[in-house]
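Quick note: the coordinates plus some simple rules give every number you see, no bench work behind them. Note that this is a predicted model, so its numbers are computed, not measured. When we count neighbours, we look across all protein chains shown, and the Cβ atoms used for this are built from the backbone with ideal geometry, even at glycine.
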Amino acid sequence: MNIKEEIKGQLNKRTLLLDGAVGTMLQVYDLKSGECSEGWNISHPQVVQKIHQEYIKAGADVILTNTFGANRIKLSSYGREKNILKINEIAVNIAKGAIDKEKSLERRIFIAGSVGPTGKILEPYGDLKVSEVYGNYKEQAVILEKTGVDLIILETFYDLEEIKAALKATKENTNLMVVASMTFDKNLKTIYGVDPERAVIVLENEGADGVGANCGTGPEVLYEVLKIVKKTSKTYLMVKPNAGMPELVKGKVVYPASPKIMADYTEKFIELG
């Protein structure tokens, strides 16, 4: 049985629990606003590993690598594009190390390569070409697969054309399971005007093994989004809300939703399927 079949086999039997945010957790350890959080894989690997271990102890079945912004285009905004190989490889090895440290729990933990948007605008509204986006994500996906992730999660995308290019690049150049997730606002659309139904149809037609929604304005909105996704989708579903809209308090990003609210909505998500 290959890893893709193993993951799908697990999903056919139960819900797999994802970890929580990495970037906001790094702020607890003094990650500065505007700093490249993926750079901490090199400068503070022990901190990143500790966060992974805490999520595993809390019950996560899947931990996401600290590579959300570790694609070449995004890294270039920090002047870190030359570190793309090192940052991604170290991130995967940190996750492996965390699993090894918690092996006494005797649970199967999967490593998902986290892949986020470029932060740039595609043509015709911006300067970024689809071919550039494809090459950008092909490079990161290949590195993540070679280093040993079990699946790829494309997350927090707003632009359907960008996530399509990322999905195509990943599917055509790796053998990994790929989950494609977009971020929706209170109007149940992305900031580019993409609604959940359209997103699901397009992404599944492009070969997504799973679809879903993450971040956004909190669990309440994502619950409404997921109801639409559930009606439309023919594949596995992912949901990963943040704890409401972030607020800046004394230089730190804080989220208003309590752990109880998040737990209550987790039950609702599972009941929804």
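Could you compute the longest span of the chain free of chymotrypsin sites (Phe, Trp or Tyr not before Pro) located in DSSP loops and having at most 14 other Cβ atoms within 10 Å, not counting the site residues? Before the final figure, lay out the partial values.
Numbers: sites that count: Y29, Y125.
Free of exposed loop sites, the longest segment is 126-273.
Picking from N214, Y255, T170, whose Cα lies most toward the positive end of the charge dipole for the chain (charges on Cβ: Lys, Arg +1; Asp, Glu -1)?
Of the candidates, Y255 comes out farthest on the positive side.
Looking only at the range 16-272, where both bridge partners belong to it, what percent of the DSSP beta bridges are antiparallel (to the nearest 5)?
Numbers: 3 of 27 bridges.
For the range 16-272, the DSSP antiparallel bridge percentage is about 10.
Once amide H atoms are placed 1.01 Å from N in the peptide plane, what residues at a sequence separation of 5 or more from F110, or on another chain, have their amide H within under 5 Å of its amide H?
Excluding prolines and chain starts, which carry no amide H, the hits are V62, I63.
Which value, in debye to the nearest 20, describes the size of the charge dipole of the chain about its Cα centre when Lys and Arg Cβ atoms bear +1, Asp and Glu Cβ atoms bear -1, and nothing else is charged? Provide the component values of the computation, followed by the final result.
On the way: 36 positive and 36 negative charges, 72 e Å.
Charge dipole, the chain, about its Cα centre: 340 debye, nearest 20.
Suppose the chain between K86 and E172 were pulled fully straight at 0.36 nm per residue; how much longer would it get relative to their current alpha carbon spacing?
28.6 nm
At E271 and S258, where each label point lies 7 Å from the Cα along Cα→Cβ, what is the point-to-point distance in nanometres?
With each label point 7 Å from Cα toward Cβ, the separation is 1.9 nm.
Identify the GluC sites (Glu not before Pro) of the range 6-40 meeting these criteria: DSSP loop state and at most 11 other C-beta atoms within 10 Å of the C-beta. Could you put the intermediate results ahead of the total?
On the way: sites: E6, E35, E38; in loops: E35.
Qualifying residues, ordered by number: none.
Of the cross-linked pairs K8/K234; K129/K186; K32/K82; K82/K164, which ones have a Cα-Cα span greater than 19 Å in the structure shown?
On the way: K8/K234 14 Å; K129/K186 29 Å; K32/K82 22 Å; K82/K164 25 Å.
Table pairs above 19 Å Cα-Cα are K129/K186; K32/K82; K82/K164.
Which trypsin sites (Lys or Arg not before Pro) in the range 99-186 pass both tests, a DSSP loop state and at most 16 other beta-carbon atoms within 10 Å?
Details: sites: K101, K103, R107, R108, K120, K129, K138, K146, K164, K168, K171, K186; in loops: R107, R108, K120, K129, K186.
Of the trypsin sites (Lys or Arg not before Pro), the ones in loops of the range 99-186 whose Cβ has at most 16 other Cβ atoms within 10 Å are R107, R108, K129, K186.
Would you mind checking K120/K171; K96/K138; K146/K168; K103/K268; K13/K230; K74/K168 for any pair whose Cα atoms are more than 25 angstrom apart? Let's see the in-between values first.
On the way: K120/K171 22 Å; K96/K138 22 Å; K146/K168 18 Å; K103/K268 30 Å; K13/K230 18 Å; K74/K168 19 Å.
In this structure, K103/K268 lie more than 25 Å apart at Cα.
Connecting C-alpha atoms closer than 10 Å in a GNM of the chain, tell me which of I163, I201, I94 has the biggest fluctuation.
Largest GNM mean-square fluctuation: I201.
Taking H as built 1.01 Å from N, whose amide H comes closer than 5 Å to the amide H of M238, not counting residues under 5 places away?
V211, G212, A213
Go ahead and estimate [θ] at 222 nm for the chain from helices alone: -39,500 (n - 2.57) per DSSP H run with n ≥ 4, summed, over the residue count, rounded to 500. Please report the intermediate quantities before stating the final value.
Details: 11 runs with 127 residues, N = 273.
It lands at -14500 deg cm²/dmol.
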